[in-house]
Amino acid sequence: MEIANNIKYIGVDDTDIDLFEGQYTVPEGISYNSYLICDEKVAIMDTVDARKTNEWTEKLEAALNGRKPDYLIIHHMEPDHASNVKLVLEKYPDCVGVCSQKAVALVKRFFGVDFGNRLQVVKEGESLSLGEHTLTFIMAPMIHWPEVMMSYEQKEGILFAADAFGKFGALAHPGSEGMAADKLHGTVDGWACEARRYYFNIVGKYGAMVQTLLKKAAKLDIKTIAPLHGPILSEDLNYYLETYNTWSSYQPEDKGVFIAYCSLHGNTEEAALKLAEIIKDNSDVKVSTSDLARDDMAEAIEDAFRYDRLVVAAPTYDAGVMPIMQDFLHHLSIKAYQNRTVGIIENGSWAPAAGKIMHQAFEQMKNISIIEPIVSVESTVKEKTVTDLKALAWALIG
Ligand code: FEO
């Protein structure tokens, strides 16, 4: 499958994985993208996860069509892309791995082998000529591991972007049994949904590094972005670049209120949903809710970053806050949640503590405006609770 003259897609779909990175549900699977540039020299652009080694090697050999690879470009050493580095270097003794300095140590760590001069270290701005195609390397540390680099293919204007601009979801390309449509080339429609969940949960902590990358990208004439997951992007590139700029600068993407709650016996949930009802009845402000104990945590993180306003609602539990809310707050903290307005609803029957703990968590985050006072539910929703929720709603919707 050619994505440009003499550049083939040889990636694979994984639709039977239960959890990506051992934690993220991927109901539509995920793709491990890999590419082959056949020129005077032949370069493999990354390998794939060990789960799909056989399928990938069959595709690789078919695409090689009897030729031997001269280079294996290793953009990222995470096992979903680099599991077959050793296999390639052993199978093709004349093939040289091309990687960043930091990747050399990771190759040894993962495979227990020192490949010595079989690895060629490249630095920022260095180029590698394959014939008509030339790759220029761009270091992209912490997007999302320290050794990550990208490469820009000058002839076709392709940015091989590693994890950046990737998304969850298999590609359903021709040849994947049981799949209908060719989704190899992405469109703006629907892209952000699983790309946003992927970005904030996997890359989100490293917004500053993404900002640096975007500045480098602005100097390139990019016609296609070829990520390591998800579709290849060739149209409306400004949309993807601008969306990444919004995400990586921690600015909200949409106006709206996201209410994340958990509830022991339904009373905190009742308060959270009552707040949603009051907002909907009195404004056009978009409201989204998530029951943290039942809904996908990664999606809750995504929505927290998506909207400009967040409300957390949780009961007191063991003199603290219900653990699933603690987990949510921890996720927000490690993903550098910032620049948002936050409302807090607690519940407590004899010694309410949840509100204080949630308040303290947001005080530690950057540029969070907490709406005061917090709403304190005394066991069940009563007339006073509704009055307090209305006050919170007015503060949220102005
Ligand atoms: Fe898709 Fe960071 O690996």
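Computed from the coordinates by the stated procedures, all read-outs in this text should not be read as laboratory data. Quick caveat: nothing in here was measured; it's all calculated off a predicted structure. We place every Cβ from the backbone using ideal geometry, glycine too, and count neighbours over all the protein chains shown.
Please go through region 329-398 and write out the trypsin sites (Lys or Arg not before Pro) that DSSP classes as loop and that have at most 13 other C-beta atoms within 10 Å.
LYS382
Say each of LYS366 and GLU21 gets a label point 7 Å from the Cα, pointing the same way as Cα to Cβ; how far apart are those two points in nm?
Result: 2.0 nm between the two label points.
Evaluate the Debye formula for the chain with equal point scatterers sitting on the alpha carbons, no solvent, and hand back log10 of I(q)/I(0) at q = 0.11, 0.15 Å⁻¹, in q order, two decimals.
Each listed q maps to, in turn, -0.81, -1.22.
If the cut-off is a Cα-Cα distance under 25 Å, which lysines reach LYS274, setting aside same-chain residues fewer than 8 apart in sequence?
LYS255, LYS286, LYS356, LYS382, LYS384, LYS390
Suppose R0 equals 22 Å; then what is the FRET efficiency for ALA353 and VAL386 from their Cβ-Cβ distance, rounded to the nearest 0.05?
According to the calculation, E is roughly 0.45.
Determine the gain in length on full extension of the stretch GLN211-ASP291; use 0.36 nm per residue of separation and subtract their C-alpha separation, reporting nm with one decimal. Mind dumping the intermediate values first?
Values: separation 80, 0.36 × 80 = 28.80 nm, distance 3.24 nm.
Length gained, GLN211 through ASP291: 25.6 nm.
For the chain, what is the calculated [θ] at 222 nm in deg cm²/dmol (nearest 500), taking -39500 (n - 2.57) for each run of four or more DSSP H residues and dividing by its residue count?
-9500 deg cm²/dmol
Under 8 Å for C-alpha pairs, at least 6 residues apart: give me the relative contact order for the chain, rounded to a whole percent.
Over the chain, the number comes to 11 percent.
If you take all C-alpha pairs in region 281-398, what percent of them are over 19 Å apart?
In whole percent, the long-distance tail amounts to 46.
R0 = 22 Å: FRET efficiency of SER283 with GLN251, Cβ-based, nearest 0.05?
According to the calculation, E is roughly 0.50.
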